[in-house]
Amino acid sequence: MNRVIRLTPEHALRRAAKRFLAEPGSNCPKCESTFVRREPAFIHCRYCGNLARIADASLADQELYELSSGLRLAS
């Protein structure tokens, strides 16, 4: 009953594409609420709490945003 699944780079890219937003919209991809906050790398829904990752967005910019807005303490 054991199966071997080959993990090719194409397979990994297809799976990653499902997790990222191609372009940020004005509503939550999970609950379709328009009560969202646009962050440098995420769309944060204030209604359901979902964090949707924006493709090709810089995580370094996200870290600076969190530090400057007080969401995270500097370490």
Looking at LEU21, LEU7 in this structure, which one is modelled with pLDDT under 90, of a type in the set (A, V, I, L, M), out of contact with any helix residue (DSSP H, G or I) (no Cβ under 6 Å at 6 or more places or on another chain) and surrounded by 13 or more Cβ atoms within 10 Å (Cβ to Cβ)? LEU21
Would it be correct to say that ALA12 is in contact with a strand residue (DSSP E or B) (Cβ under 9 Å, 6 or more places away or on another chain) and surrounded by fewer than 13 Cβ atoms within 10 Å (Cβ to Cβ)? no
Selection status of ALA57, within 13 Å of the chain's Cα centre (by Cα) and either surrounded by 14 or more Cβ atoms within 10 Å (Cβ to Cβ) or not in a loop (DSSP other than H, G, I, E, B) (or both): yes
Tally, over the stretch 59-73, of residues that are in contact with a helix residue (DSSP H, G or I) (Cβ under 9 Å, 6 or more places away or on another chain) and modelled with pLDDT of 90 or more: 0
With respect to the numbered conditions (1) out of contact with any Pro (no Cβ under 6 Å at 6 or more places or on another chain); (2) surrounded by 13 or more Cβ atoms within 10 Å (Cβ to Cβ); (3) not small (Gly, Ala, Ser), which one is the sole condition not fulfilled by ILE43? (1)
For LYS30, are the conditions met, namely being in a loop (DSSP other than H, G, I, E, B), open to solvent by 100 Å² or more (accessible area, probe 1.4 Å) and either at positive phi or without any contact (Cβ under 8 Å) to a residue 40 or more places away in the chain (or both)? yes
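The values are calculated or read from the model by the stated rules, or taken from the named source; none is laboratory data. Keep in mind that this is a model prediction, so the values were computed, not measured. FYI the Cβ positions are ideal-geometry reconstructions off the backbone, even for glycines, and counts take in every protein chain you see. With ligands, DNA and RNA removed, areas are computed over all heavy atoms of the protein, side chains included. Shrake-Rupley method; radii C 1.70, N 1.55, O 1.52, S 1.80 Å.
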